[in-house]
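*Asks:* Encoded as structure tokens, here's the structure I'll be asking about.
The values are calculated or read from the model by the stated rules, or taken from the named source; none is laboratory data. Keep in mind the model is a prediction, meaning the values are calculated, not measured. When we count neighbours, we look across all protein chains shown, and the Cβ atoms used for this are built from the backbone with ideal geometry, even at glycine. Just so you know, the surface numbers come from the protein's heavy atoms only, side chains and all, with ligands and any DNA or RNA stripped out. Shrake-Rupley method; radii C 1.70, N 1.55, O 1.52, S 1.80 Å.
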Amino acid sequence: MISYTNKMDADELLQQTKALAKHMSVYQPSLAPDITSNAVVSESAIEELLSECEEKWKELEELQNKLTLIETLEDTGSEFSQLMTRVKALTSELNQWQKKEPELLSKNHDVLVAVGKEELQRVNKELEMVLSCCQAKNDKLNQDLKSEQKWLEEQEELLKAVTDKAAELQNEVMEFSESRAMRELKVKINQVKTYQEKLLEDLGEFIEEHFPLPQQQGNASKKKKNVPQEPTADLISLQEILELLMNKILQTPHEPYATIDNTFWPPYVEMLLRYGVALRHPEDPNRIRMEAFHQ
């Protein structure tokens, strides 16, 4: 029970000290600068403090007696009466504490100054620690802010580049019109026609060089063998045969056959049939057509 009393005394003393520190913070500028935490207190102040402590001790003894009485009632009464007694006691104590005004530990100026000085030094250390933590947190926030600002600038540059590219593509799409497409198509058609003419010219030169007319071959053999040659009809060249067959299959695809007459040299006709360039009519062997390579 004595330990419980000592604990209550210490708690009450601590609460009164804190209250004193709060009140003394208002008068901090008026304190003497040479007062330290280990300031010497006069004997009269010590005696006054001891007398006040004795008064507080008496109050604690009275409270201890009340608690002892309450414990005795709890041991002897029923459970309901114990609860009611405890409620009344706590209510009464609560009313007393609410009506009671805070009292200073001592009215002696030297004691108040010494206690207030110690409390202010403790509060000052705690505030310095809080300030240090706030400064560290502020530095961390500044670093985070710089990194976020850098990231924001990069994103803005990227957004600007994408926006410019989108605007450029949109302008290109708007400029691309139907007339422009027609002009490009005509240019491509002319290029294809030019390429076709060149291919035909190359083909004609190749045929003229490697597949000459029969009269020319006859003259060459006559010079070599000195053999008389019979006159031949007006034969058409291999190039003319190919042009005739191509025009037939392209201009009249429903009737692509051409009739073989005396102007067709038989070796050229047989060569075209043998290598799959031309095909005979299934019912008339005197009619041929070109193979549909374009289909």
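*Asks:* Counting Lys +1, Arg +1, Asp -1, Glu -1, what net charge surrounds residue 248 among other residues with beta carbon under 10 Å of its beta carbon?
*Replies:* Around residue 248, the charge tally is -1.
*Asks:* Right, next: Need one number: nm distance between label points at residue 59 and residue 161, each 7 Å from Cα along Cα→Cβ, rounded to one decimal.
*Replies:* So the two model labels end up 7.7 nm from each other.
*Asks:* Starting from 0.36 nm per residue, how many nanometres of slack lie between residue 277 and residue 250 once their C-alpha separation is accounted for?
*Replies:* 8.2 nm
*Asks:* Continuing with the same structure: For region 111-211, what is the Kirkwood estimate of the hydrodynamic radius, computed as the reciprocal of the mean inverse distance between distinct Cα atoms, to one decimal in Å?
*Replies:* 22.7 Å
*Asks:* Now for a separate question. From the backbone phi of region 279-295, what are the Karplus-calculated ³J(HN,Hα) couplings (6.51 cos²θ - 1.76 cosθ + 1.60, θ = phi - 60°) in whole Hz, Gly and Pro given as x?
*Replies:* 10, 7, 5, x, 10, 10, x, 8, 10, 9, 9, 7, 5, 7, 6, 7, 9
*Asks:* A further question follows. Can you flag which of 56/100; 140/160; 56/99; 125/146; 66/100 are past 22 Å Cα-Cα?
*Replies:* In this structure, 140/160; 125/146 exceed 22 Å between Cα atoms.
*Asks:* Another one. What length, rounded to one decimal in nm, is gained on full extension from residue 181 through to residue 206, with 0.36 nm per residue of separation minus their alpha-carbon distance?
*Replies:* Additional length available on full extension: 5.3 nm.
*Asks:* What is the percent carbon and sulfur in the accessible area of region 146-195, measuring with a 1.4 Å probe over the protein chains and ignoring ligands?
*Replies:* Answer for region 146-195 is 59 percent, counting heavy atoms of protein chains only.
*Asks:* On to the next question. What does the charge count near residue 286 come to, summing +1 for each Lys or Arg and -1 for each Asp or Glu among other residues with Cβ under 9 Å from its Cβ?
*Replies:* With Lys, Arg at +1 and Asp, Glu at -1, the net is 0.
*Asks:* Grab the beta carbon distance between residue 287 and residue 171, set R0 = 51 Å, and tell me the FRET efficiency rounded to 0.05.
*Replies:* The computed FRET efficiency comes out at 0.25.
*Asks:* Search the structure for amide H atoms under 5 Å from the amide H of residue 278, placed 1.01 Å from N in the peptide plane, and list their residues when 5 or more places away or on another chain.
*Replies:* 273, 291
*Asks:* How much length would be gained if the chain were fully extended between residue 128 and residue 43, taking 0.36 nm per residue of separation minus their Cα-Cα distance, in nm to one decimal?
*Replies:* Length difference between fully extended and current span is 27.1 nm.
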